[in-house]
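A short write-up of the structure that comes next.
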Amino acid sequence: MKLNVKNIRYVSPEDWRVLTATEMGSRNHEIVPTPLIAQIASIRSGTGVHKSISALAKIGLIAKVKNAKYDGYRLTYGGLDYLALHTHTKSSTIYSVGNQIGVGKESDIYVCASPSGRNLVLKIHRLGRISFRTVKANRDYLRNRSSGSWMYMSRLAALKEYTFMQALRREGFPVPEPIAQSRHTVVMEMIDAFPLRQIASVPDPAGLYSELINMIVKLAQYGLIHGDFNEFNILVEEKHGEEGTPVTLIPTIIDFPQMLSVSHVNAEYYFDRDVACIKRFFSRRFAFTSDEPGPFLKESMKTMTKRLDVEVEATGFSKKMAKELEKYMKEVGVDGDATALERDGDEGEEDAEDVDPEENEPEDPDAPEENVKDADTAKPSTTSPADPSTLTTSMTVLDIQDTDIQDTDANALPSLEEIKQQTQSQQRKPTKSAKAKAGWSI
Ligand SMILES: Nc1ncnc2c1ncn2[C@@H]1O[C@H](COP(=O)(O)OP(=O)(O)OP(=O)(O)O)[C@@H](O)[C@H]1O
Ligand SMILES: [Mg+2]
């Protein structure tokens with residue numbers, strides 16, 4: 001499941017059409033019948049489609065599913081990565097992709113650059129890649145889940161993260177500037193800072209502590225609880241002022257897929273847990289303990305400023321989506337870093353293994369082996385801000401051979417509605433053989 005951008009320049013314009021067609025077909029087919037891929041891609045000659053299908057399968061962007069009732073393919077995470085990169089490139093958001101700077105339990109973080117050379121962060125959500133400790137309990141659940149539904153959950157996580165970041169940024173919260181979102185990816189400003197976890201000492205622990213606690217309170221006054229507010233998700237930048245003046249520390253908050261509303265049934269539990277994470281870290285790392293009890297959610301909510309939770313629900317991330325994502329996270333035991341931190345104690349590292357949802361899928365002999373053990377850390381990565389001098393040398397330019405399939409009328413792919421209508425009328429043909437010919441499972 002490692003992002004491999006090296007092959008992107010070998011993907012031909014026809015291949016892009018076929019890849020996009022496979023994605024469109026995936027919306028209502030777990031395994032997209034080959035004739036449907038051809039129909040959506042509407043490449044006249046059958047050989048063109050087949051050539052593209054084998055080219056895409058060879059580099060692992062789609063995979064043939066063995067033992068299926070009909071001949072068909074599914075989109076892989078690799079294919080989804082390429083489609084997202086295609087969109088980010090076409091919108092002039094991303095020009096090149098560089099090193100991986102973080103591996104989380106459920107996401108990969110890469111540095112990338114805009115066409116003007118600005119360094120950005122590409123966060124790729126990879127739900128379904130669960131740390132080993134939760135896998136045993138969930139093995140059956142994992143097995144019964146299709147890779148398509150993992151991808152859908154990853155898309156939801158990216159959309160949620162992006163929507164919340166936009167709202168928070170608008171209200172002046174210290175979060176990275178959200179730049180773009182496509183499918184399971186979010187592009188955001190790169191913060192040149194270390195996670196608090198990596199900072200051994202600070203000049204004024206009490207000051208930083210109250211700034212962070214105030215942020216938890218302020219979030220609640222805007223209707224929100226971060227849900228994973230801890231030393232991994234707080235980046236701290238050192239600002240050096242005039243000589244002789246003390247260094248100021250500027251915290252930035254990241255990682256929002258678990259954010260929740262203050263109206264959530266367990267709001268108090270998550271609010272208290274966010275507070276407890278900060279208290280525990282400051283006490284262990286900086287030997288700082290506050291004399292004041294709390295803060296408490298009820299107290300914090302006495303003066304509400306705005307309801308961002310309600311706003312976000314109305315503008316991008318619906319209640320239904322929130323419920324779906326939450327259900328998934330609960331079922332597979334995704335609970336951010338907080339539970340692990342509580343259980344393991346502060347400094348304990350642990351062994352873990354990741355499971356790839358695609359591991360449970362039938363294998364494709366043609367597909368290249370995907371590196372399923374690429375992320376053998378259960379704890380969020382301890383990354384350092386990328387060194388700009390090494391970044392530029394390791395960047396791969398996204399050299400996409402594509403005559404913009406969506407923009408030229410002659411080449412435009414049909415809409416899914418059109419396809420549905422066409423296939424419905426085809427399906428009305430009563431003979432079994434006609435259906436079989438069209439590749440539908442019956
Ligand atoms: N905008 C950013 N600028 C700089 N570094 C970042 C940025 N976003 C993420 N990182 C780095 O990547 C690491 C992981 O990012 P993040 O916390 O968003 O995802 P995650 O922890 O992998 O998610 P999960 O909670 O699913 O494990 C961070 O600890 C940080 O070091
Ligand atoms: Mg994190």
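Where a number appears in this text, it was derived from the coordinates with a stated rule and is not lab data. The model shown is predicted, which means the values in this text are computed figures rather than measured ones. In this analysis, Cβ positions are derived from the backbone assuming ideal geometry, glycine residues included, and neighbour counts consider all displayed protein chains.
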Fill in: For the range 220-254 and the range 257-274, distance of Cα centres in Å
20
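Give, in nm to one decimal, the length gained when the segment between Glu211 and Arg44 is fully stretched (0.36 nm per residue of separation minus the Cα-Cα distance). Intermediate results must be reported in sequence, preceding the final value.
Details: separation 167, 0.36 × 167 = 60.12 nm, distance 6.22 nm.
Taking 0.36 nm per residue and subtracting the Cα distance, the gain is 53.9 nm.
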Practice prompt. Please report how many Lys pairs in the range 7-125 have alpha carbons closer than 25 angstrom, counting only residues at least 8 apart along the chain or sitting on separate chains.
Written response: 9
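Viscosity 0.692 mPa s, temperature 37 °C: Stokes-Einstein D of the range 237-297 from its Kirkwood Cα radius, in µm² per second? Present the calculation step by step, with values, prior to reporting the outcome.
On the way: Rh = 14.4 Å.
Translational diffusion coefficient: 228 µm²/s.
Pairs of alpha-carbon atoms within less than 8 angstrom and 6+ residues apart define the contacts here; what relative contact order does the range 194-348 have, in percent?
Values: 185 pairs, mean separation 47.0, N = 155.
Computed over the range 194-348, the figure is 30 percent.
With N set to the residue count of the range 267-327, report its C-alpha Rg divided by 2.2 N^0.38 Å to two decimal places.
On the way: Rg = 15.8 Å, N = 61, 2.2 N^0.38 = 10.5 Å.
Working it through for the range 267-327, the quotient is 1.50.
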Response to the item:
Between Ser394 and Ser91, the two model label points (7 Å from Cα along the beta-carbon direction) sit apart by a distance in nm of 2.7
Practice prompt. Rounded to the nearest 0.05, what FRET efficiency do Ser149 and Ser114 give with R0 = 51 Å and r taken as the Cβ-Cβ distance? Could you check?
Written response: 0.95
Worksheet entry | the range 1-142 - percent relative contact order, Cα under 8 Å, separation 6 or more | 17
Discussion item. Show log10 I(q)/I(0) for the range 194-348 at q = 0.11, 0.12, 0.14 Å⁻¹, two decimals, from a solvent-free Debye sum over equal Cα scatterers.
Written reply: -0.47, -0.55, -0.74
Response to the item:
Placing each pseudo-label 7 Å from Cα in the direction of the beta carbon, Phe288 and Lys218 end up separated by a distance in nanometres of 1.6
Fill in: Fewest-first sequence of Met395, Met321 by Cβ atoms within 10 Å of each Cβ
Met321, Met395
Worksheet item: GluC sites (Glu not before Pro) within the range 233-315: which are DSSP loop residues with at most 14 other Cβ atoms inside 10 Å?
Response: Glu242, Glu243
Worksheet entry | For the range 162-234, the Rg and Dmax computed from alpha carbons only, in angstrom | 13.6, 42
